[in-house]
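A short write-up of the structure that comes next.
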Amino acid sequence: MRAFNHTNAKSLAEAQTALAGGKTVLIAGGTDLIGTLKDNILPSYPETVINIKTVPNLDYIKEEGGTLKIGATTRLADIAGSAAIQSKYTALAQAASRVATPHVRDMGTIAGNIAQLHRCWYFRKPENRFDCIRKGGSTCFAMMGDNRYHSIFGAQNGCLAVHPSDTAPALIALNAKVITNKRTVDAENFFEVKKPGNTVLAADEIIREIQIPTPPAGAKSSFLKFAIRKSIDFPIVNCAVMVGGGNARICLNAVAPKPYRATKAEAAIAGKPVNEANAAAAGEAAIADASSFPEAAQFKKQIAKTLVKRALLAAV
Ligand SMILES: Cc1cc2nc3c(=O)[nH]c(=O)nc-3n(C[C@H](O)[C@H](O)[C@H](O)COP(=O)(O)OP(=O)(O)OC[C@H]3O[C@@H](n4cnc5c(N)ncnc54)[C@H](O)[C@@H]3O)c2cc1C
Ligand code: SF4
């Protein structure tokens, strides 16, 4: 493994200055970053790792003026265990509780969860063996290779990899905002397919807080995940919904390069009673725009429509 310098940031300003200087990367829980550093998967690497967990007062869950506020370094375990989040922002507590294992949830943070890199096995192959499009190369090896867990909603910027986060669809369904040191971004617009990252964040931009408005009167939310193993497994497909009181927000993940807001499913269920037939129709609508490529990943369609249906029924 390469050697890296390590700095414990004492403030966001200090972290931002260090990031602006270049050849640096933030570390929170390290559960994603350390793997990418150890396995040497990228063509170029930072020289310094800046620890953001040492910034004081960045780890909190509080409700203020009708808004839930979660500090960037709040651990997934704390989100999963929060009584306030369980009762009012249920999909997020359920999503956080389904990430990986207790150990990862004890280390991993909410900011790291939405800023993590994707899991495409060509991309993650140690020693940078596949210099693919997301690393600046010219080939997507998954197009012709093993793509059984890849996107069923087409490629973006030439890449078929899916976004792996469990909390991202819950944040989008709950209409959350991501607050950085520079701006406020709707969670829905936070994700972008870059080389190699998955967010709109600039090189010196830092997630400071997540804000979620109190769900509208009568609305409830839920999250469901399908994975091969019950524990320590990334989603094959996951789904978060917020429904009721005339509202419907439905987001799938692990089906496309970015979290996929299922607007056709939302239109199919909005204003209607959530019953077996209507929820099933919303499930069908959710995959209306899915692609017939890759053939090996077609099984995800059945899972996606079933999760949409079950998540809707679970929310009422
Ligand atoms: C075995 C294993 C299983 C996993 N299973 C799942 C799973 O089932 N579901 C799932 O969703 N995830 C899973 N993960 C992925 C992920 O590591 C965790 O979900 C975790 O939330 C990442 O948070 P972290 O604080 O450890 O991030 P880190 O590894 O510290 O950072 C990840 C990325 O986020 C950036 N970052 C961190 N904080 C900030 C900030 N404040 N502002 C801007 N950028 C920031 C870092 O620079 C880095 O690029 C798994 C990981 C492992 C190792
Ligand atoms: S799917 Fe994306 S990450 Fe995977 S090989 Fe293709 S370009 Fe690279």
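The values are calculated or read from the model by the stated rules, or taken from the named source; none is laboratory data. Keep in mind it's a predicted model, so treat the numbers as computed, not measured. Neighbour counts run over all protein chains shown; Cβ positions are idealised from the backbone, glycine included. Each accessible area value is taken on the protein alone, full model and side chains, heavy atoms only, with ligands, DNA and RNA left out. Shrake-Rupley method; radii C 1.70, N 1.55, O 1.52, S 1.80 Å.
In this structure, does LEU42 turn out to be within 16 Å of ligand 2 (Cβ to nearest atom) and open to solvent by less than 40 Å² (accessible area, probe 1.4 Å)? Give the derivation first.
On the way: within 16 Å of ligand 2 (Cβ to nearest atom): yes; open to solvent by less than 40 Å² (accessible area, probe 1.4 Å): yes.
So LEU42 fits the description; yes.
Take the range 1-17 and flag every residue that is at pLDDT 95 or above and hydrophobic (A, V, I, L, M, F, W, C).
Listed by number, the residues that qualify are ALA9, LEU12, ALA13, ALA15.
Residue-by-condition table, conditions (1) open to solvent by 10 Å² or more (accessible area, probe 1.4 Å); (2) in contact (Cβ under 8 Å) with a residue 60 or more places away in the chain; (3) over 30 Å from GLY271 (Cα atoms):
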site: LYS182; (1), (2), (3): yes, no, yes
site: VAL185; (1), (2), (3): yes, no, no
site: THR199; (1), (2), (3): yes, yes, yes
site: ILE212; (1), (2), (3): no, yes, no
site: PRO216; (1), (2), (3): yes, no, no
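Name the one entry in GLU209, GLU205, GLU188 that is within 10 Å of ligand 1 (Cβ to nearest atom), within 20 Å of the chain's Cα centre (by Cα) and not in a loop (DSSP other than H, G, I, E, B).
Values: GLU205 fails: not in a loop (DSSP other than H, G, I, E, B); GLU188 fails: within 10 Å of ligand 1 (Cβ to nearest atom).
Sole residue among the options that is within 10 Å of ligand 1 (Cβ to nearest atom), within 20 Å of the chain's Cα centre (by Cα) and not in a loop (DSSP other than H, G, I, E, B): GLU209.
Residue by residue through the range 118-131, note down the ones that are open to solvent by 10 Å² or more (accessible area, probe 1.4 Å) and either among the small types (Gly, Ala, Ser) or within 10 Å of ligand 2 (Cβ to nearest atom) (or both). Full working, then the answer.
First, the residues of the range 118-131 that are open to solvent by 10 Å² or more (accessible area, probe 1.4 Å): 119-122, 124-131.
Result: ARG119, CYS120, TRP121, TYR122, ARG124, LYS125, PHE130, ASP131.
Just the residues that are open to solvent by 50 Å² or more (accessible area, probe 1.4 Å) and not in a helix (DSSP H, G or I), please, taken from the range 90-108.
Answer for the range 90-108, where residues must be open to solvent by 50 Å² or more (accessible area, probe 1.4 Å) and not in a helix (DSSP H, G or I): just ARG98.
For the structure I just gave you, tell me whether SER87 is within 21 Å of LEU224 (Cβ to Cβ), open to solvent by 10 Å² or more (accessible area, probe 1.4 Å), away from ligand 2 (no atom under 16 Å from the Cβ) and over 20 Å from the mean Cα position of the chain (by Cα).
Details: within 21 Å of LEU224 (Cβ to Cβ): yes; open to solvent by 10 Å² or more (accessible area, probe 1.4 Å): yes; away from ligand 2 (no atom under 16 Å from the Cβ): yes; over 20 Å from the mean Cα position of the chain (by Cα): yes.
So SER87 passes the test.
Checking the conditions here, which among ALA256, ALA279, ALA288, ALA262 is without any contact (Cβ under 8 Å) to a residue 40 or more places away in the chain and open to solvent by less than 20 Å² (accessible area, probe 1.4 Å)? Don't jump to the end; show me each part of the working.
Details: ALA256 fails: without any contact (Cβ under 8 Å) to a residue 40 or more places away in the chain; ALA288 fails: open to solvent by less than 20 Å² (accessible area, probe 1.4 Å); ALA262 fails: without any contact (Cβ under 8 Å) to a residue 40 or more places away in the chain.
Exactly one of ALA256, ALA279, ALA288, ALA262 is without any contact (Cβ under 8 Å) to a residue 40 or more places away in the chain and open to solvent by less than 20 Å² (accessible area, probe 1.4 Å), namely ALA279.
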